[in-house]
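Colleague: I'd like to ask you about the structure that follows.
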């Protein structure tokens, strides 16, 4: 797995055709303020460029998230890329990812994204079963998702898709059918997430009425293990808690978060990490636009610089999310600094088969992945 220390850029595009039931991201329905937003984004990029210390290298990943970046005119995204290259610099082997929804994807949109420099597409599918898409309020059906992913693979080659575990009415057979369907479309990367009901009030109500439609924790674990088995057998081994990829097709951008590499975030609600301090832009579009017009900082919250030891503890937790784990020396240094009670419980985690050490690295076992929050709680 490649570990690049060059920074990445994240650009939050907040516009969507429709907000799905489970969405907790900063997203606005419609494109009514699209022009104002991209003008503000241009101002933010130029302002941030004047503040840069010159210590950053060229971006070697750019990620357009949202919202739904594919929902807006690709030329808007192209203008952002041009500004980032002019102000900060972009490496010659840059990975440029754009998130997309199947209902936005057609031949002309794919060609337009390719022409501005996008070379990796991340398609939000969630399921290839029509009945499962209904409670999520997705705008596409399964057939449209298959066509969109297949067309994206033909255009880009490097395509990721998202699936969800825990959808009302989902079964083991239907979930594996979605996995197999996407693999047959030619994807090189799959992200699989658990449906978080606390972020979906309308689904909470459905669970009260029809609890039998929702899997319990043990069933969710069984579903995850089945997905892991199927993808590993298909040549897409897991490289992170929720991500599987063909070797060499891991998300270079997302690896930066788990390896604590600097990522600068641009746009409303975007988060940044410069290697020491984490900041977040205001999540209100009106305030974001006001600040950019006034030449003010768009940052709404900022964490204090971490002490070196706390930073190493965070790095350990993030590193354990990766299938390769962390160096044994790093793990041991942190373990020795824990309280006697935490050390004892950490030792118990090894005895219980949640952690293992091999080839001078410590990693979560497969069972440890399913109980990772319990392991991470020892490091907080």
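The values are calculated or read from the model by the stated rules, or taken from the named source; none is laboratory data. Not measured: the values here are computed from a predicted model. Counting neighbours? That spans all protein chains shown, and the Cβs are built from the backbone with ideal geometry, glycine included.
Colleague: Could you tell me which of the residues 319, 315 is in contact with a strand residue (DSSP E or B) (Cβ under 6 Å, 6 or more places away or on another chain), outside any loop (DSSP other than H, G, I, E, B) and buried (at least 16 other Cβ atoms within 10 Å of the Cβ)?
Modeller: Values: 315 fails: in contact with a strand residue (DSSP E or B) (Cβ under 6 Å, 6 or more places away or on another chain).
That would be 319, the only listed residue that is in contact with a strand residue (DSSP E or B) (Cβ under 6 Å, 6 or more places away or on another chain), outside any loop (DSSP other than H, G, I, E, B) and buried (at least 16 other Cβ atoms within 10 Å of the Cβ).
Colleague: Quick one: count up the residues across region 278-298 that are loosely packed, with under 13 Cβ neighbours inside 10 Å and in contact (Cβ under 8 Å) with a residue 12 or more places away in the chain.
Modeller: Count: 2.
Colleague: Run down 152, 200, 221 and say which single residue is buried (at least 19 other Cβ atoms within 10 Å of the Cβ), at pLDDT below 95 and over 14 Å from residue 127 (Cα atoms).
Modeller: Every option except 200 fails the conditions.
Colleague: Could you tell me whether residue 48 is touching a residue at least 24 places away in the same chain (Cβ under 8 Å), in the same structural domain as residue 239 (by TED's automatic domain parsing), surrounded by fewer than 17 Cβ atoms within 10 Å (Cβ to Cβ) and over 20 Å from the mean Cα position of the chain (by Cα)?
Modeller: Values: touching a residue at least 24 places away in the same chain (Cβ under 8 Å): yes; in the same structural domain as residue 239 (by TED's automatic domain parsing): yes; surrounded by fewer than 17 Cβ atoms within 10 Å (Cβ to Cβ): no; over 20 Å from the mean Cα position of the chain (by Cα): yes.
No, not satisfied.
Colleague: Would you check if there is a residue in region 295-302 being part of a loop (DSSP other than H, G, I, E, B), closer than 30 Å to residue 224 by Cα and modelled with pLDDT of 95 or more?
Modeller: In the first step, residues of region 295-302 are kept if they are part of a loop (DSSP other than H, G, I, E, B); the result is 295-298.
Filter again for closer than 30 Å to residue 224 by Cα, leaving none.
Scanning region 295-302, I find no residue that is part of a loop (DSSP other than H, G, I, E, B), closer than 30 Å to residue 224 by Cα and modelled with pLDDT of 95 or more, so the answer is no.
Colleague: A follow-up question, please. If residue 189 meets every condition in (1) within 19 Å of the chain's Cα centre (by Cα); (2) more than 25 Å from residue 30 (Cα to Cα); (3) without any contact (Cβ under 8 Å) to a residue 40 or more places away in the chain apart from one, which number is that one?
Modeller: Against the list (1) within 19 Å of the chain's Cα centre (by Cα); (2) more than 25 Å from residue 30 (Cα to Cα); (3) without any contact (Cβ under 8 Å) to a residue 40 or more places away in the chain, residue 189 comes up short only on (3).
Colleague: Sticking with this structure for a sec: Given the conditions (1) part of a helix (DSSP H, G or I); (2) touching a residue at least 40 places away in the same chain (Cβ under 8 Å); (3) within 20 Å of residue 281 (Cα to Cα), and given that residue 103 satisfies all but one, which numbered condition is not satisfied?
Modeller: (3)
Colleague: Same structure again: Looking for something assigned to a helix (DSSP H, G or I) and touching a strand residue (DSSP E or B) at 6+ places or on another chain (Cβ under 9 Å) - is there at least one such residue anywhere in region 353-365? Steps first, please.
Modeller: Filtering region 353-365 down to residues assigned to a helix (DSSP H, G or I) leaves none.
No, region 353-365 contains no residue that is assigned to a helix (DSSP H, G or I) and touching a strand residue (DSSP E or B) at 6+ places or on another chain (Cβ under 9 Å).
Colleague: Looking only at residues that are touching a helix residue (DSSP H, G or I) at 6+ places or on another chain (Cβ under 7 Å) and more than 27 Å from residue 191 (Cβ to Cβ) in region 338-364, which one is surrounded by the fewest Cβ atoms within 10 Å (Cβ to Cβ)?
Modeller: So, considering only residues that are touching a helix residue (DSSP H, G or I) at 6+ places or on another chain (Cβ under 7 Å) and more than 27 Å from residue 191 (Cβ to Cβ), the one surrounded by the fewest Cβ atoms within 10 Å (Cβ to Cβ) is 360.
Colleague: Could you list all residues from region 221-276 that are on the phi > 0 side of the Ramachandran plot, out of contact with any strand residue (DSSP E or B) (no Cβ under 8 Å at 6 or more places or on another chain) and not assigned by TED's automatic domain parsing to the domain that holds residue 172?
Modeller: Initially, region 221-276 is screened for residues on the phi > 0 side of the Ramachandran plot, giving 235, 248, 260, 267, 269, 275.
Now narrow it down to the ones that are out of contact with any strand residue (DSSP E or B) (no Cβ under 8 Å at 6 or more places or on another chain): 235, 248, 275.
Of everything in region 221-276, just one residue is on the phi > 0 side of the Ramachandran plot, out of contact with any strand residue (DSSP E or B) (no Cβ under 8 Å at 6 or more places or on another chain) and not assigned by TED's automatic domain parsing to the domain that holds residue 172, namely 275.
Colleague: I've got another one for you. I'd like the full set of residues that are under 16 Å from residue 157 (Cα atoms), out of contact with any helix residue (DSSP H, G or I) (no Cβ under 7 Å at 6 or more places or on another chain) and crowded, with 16+ Cβ neighbours inside 10 Å, limited to region 102-124.
Modeller: 118, 122
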